């Protein structure tokens, strides 16, 4: 299987993360991408350099002003007086009337919904090439490939049209799904991360051409907190094209795989012609951000179910942090997926 990756994705390297009142080491480290890349190469997969498709596919999904904010955010932060620090907002937009301010401090708060997405010296390049890795995967699927893994880092599924959230800046899976619409009339996003992909849902919530399905920990007391509850089914043309299956903390593989079975059924009923998988290895029991009991066997079962759809499939990396089983879970998922596709 081709693994798409660009080393410029490693340039975003935040050191700390403010969580539950304390500053801790940021979980979304470049090392996680290196571990995944090297383990998959060692297992025989083909590393392929990402091609550049420009910013138009990103702006087709995200607000133009939001995308262009990152072109200058770091330089403006340094000019403001932030040299030697990382750009983290200490203001955020309210629920009322909001305007885009002109200063960098206010704009950080306008475009950033939490403190998990600091802007650093290399953020601009890393998020651009992470998105390109997904776009290039989608492009290759449209050209006739039937299974590709886009090693996207930073991840993307928490980012909405105009806001970053939860380590995510550009929504790689949503960008890829929209890009695939150039060839496929109906596209499915299957999100199996431990956290709900609320950004992806938001982007497609009023659209009937892309179905968003997700199995995740109940957000009533777990990130992302504010969206992806079971009664969220879409609006307008998108009514019925969102499916959220929530799990209690501590749920096991039987529970997760039963949820995936529901997602597969919804994808078939929708008549999807291509699939984008938001692939989160943070479901693993030993992942530092996990609240589930899920093992490598579970990831094998997930891969078997998704591949049984027998549709062109793009795997887009989402969560999966520096837990002991990260690399092995990736190897087992991709090995299973590739074997199923060969058969």
Total residues in the stretch 31-63, condition touching a strand residue (DSSP E or B) at 6+ places or on another chain (Cβ under 6 Å), assigned to a helix (DSSP H, G or I) and either surrounded by fewer than 21 Cβ atoms within 10 Å (Cβ to Cβ) or without any contact (Cβ under 8 Å) to a residue 24 or more places away in the chain (or both): 1
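Quick check on my filter: what residues within the stretch 101-116 are surrounded by 13 or more Cβ atoms within 10 Å (Cβ to Cβ) and part of a loop (DSSP other than H, G, I, E, B)? Please lay out each step first, then the result.
First, pick out the residues of the stretch 101-116 that are surrounded by 13 or more Cβ atoms within 10 Å (Cβ to Cβ): 101, 104-116.
Within the stretch 101-116, 101, 113, 114, 115, 116 qualify.
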Meets criteria (in contact (Cβ under 8 Å) with a residue 40 or more places away in the chain and either within 11 Å of the chain's Cα centre (by Cα) or more than 29 Å from residue 47 (Cα to Cα) (or both)) for residue 147: no
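For residue 4, are the conditions met, namely being touching a strand residue (DSSP E or B) at 6+ places or on another chain (Cβ under 7 Å), within 20 Å of residue 175 (Cα to Cα) and either at pLDDT below 95 or not in a helix (DSSP H, G or I) (or both)? Talk me through it step by step, then tell me what you get.
Numbers: touching a strand residue (DSSP E or B) at 6+ places or on another chain (Cβ under 7 Å): yes; within 20 Å of residue 175 (Cα to Cα): yes; either at pLDDT below 95 or not in a helix (DSSP H, G or I) (or both): yes.
Answer is yes for this residue.
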Which numbered condition residue 68 fails, given (1) in contact with a strand residue (DSSP E or B) (Cβ under 8 Å, 6 or more places away or on another chain); (2) over 30 Å from residue 329 (Cβ atoms); (3) free of Cβ contacts under 8 Å to residues at least 60 places away in the same chain; (4) in a helix (DSSP H, G or I): (1)
Residue in the stretch 74-84 that is surrounded by fewer than 18 Cβ atoms within 10 Å (Cβ to Cβ), outside any helix (DSSP H, G or I) and modelled with pLDDT under 95 present: yes
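The values are calculated or read from the model by the stated rules, or taken from the named source; none is laboratory data. Here the structure is a predicted model, which means the values were calculated and not measured. Glycine gets a Cβ as well: all are built from the backbone with ideal geometry, and neighbour counts include every protein chain shown.
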